[in-house]
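Step one of this worksheet: look at the structure below.
Please treat every number below as a calculation from the coordinates, not as lab data. Since we're looking at a predicted model, the values are computed, not measured. As a convention, Cβ positions derive from the backbone with ideal geometry for all residues, glycine included, and neighbour counts pool all protein chains shown.
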Amino acid sequence: MKADELKNWSQLLSKSGGVTSFKNDRKGNAWLYNANLLKPSQFLTALRVRCGMRSDKVTKKVVPKSTFKCRNCKACNETLAHILEQCVYTKARRIRRHDEIRDFVSRKLVSMKQKIQIIEESLIPNPTGNLKPDLVIVSQGRVRVVDVTVRHENTGYLVEGQRSNVEKYTPFVPRA
């Protein structure tokens, strides 16, 4: 019964593959197991989003819609992926969420009490334009770049985020 429900839920248009992407992912589902990761209001909102109980037009099944276009930008279908990833009306919230994650990672690195230097949003000159990674970490004679990406929970989006960051920074990796 549980497997059938998971299959039915994963086939909803609004899920865009997110259900199967996080089916057995302890890290991606950590917020469900660790009550300290989110404030209670954030937890409830995340739970509503994960369960498809938000009021985007594709998820809502009560009243058939003549159009599924986003009620804000009118450019794309109003899915969670669109709202969380692309809609111009939610851009400020996406940036704030991104910055909160960057700051969280930075604080965790500092709390490790190792000799570490963290440079936030430094400009790296590039022939195609400057790059601006979120964090450049210098530790034990090595330099690491951390570029936070906030993506909708779909394997395609996560893989694309990784691919684009690898492609962006590979020219700066010294050849052996």
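Using all C-alpha to C-alpha distances in segment 91-174, build P(r) with 5 Å bins and read off the rounded percent in each one.
Pair shares across the bins are 3, 12, 20, 24, 21, 14, 5, 1.
May I ask which of Lys91/Lys113; Lys23/Lys108; Lys23/Lys69 have a Cα-Cα span longer than 32 Å here? Walk me through the numbers before you get to the answer.
Values: Lys91/Lys113 34 Å; Lys23/Lys108 27 Å; Lys23/Lys69 29 Å.
Among Lys91/Lys113; Lys23/Lys108; Lys23/Lys69, the Cα-Cα distance tops 32 Å for Lys91/Lys113.
Run the quick spin-label model on Lys115 and Ser10: label points 7 Å from Cα toward the beta carbon, then report their separation in nm to one decimal.
4.9
Amide H to amide H under 5 Å from Cys73: which residues, 5+ apart in sequence or cross-chain, H placed 1.01 Å off N in plane?
Excluding prolines and chain starts, which carry no amide H, there are no hits.
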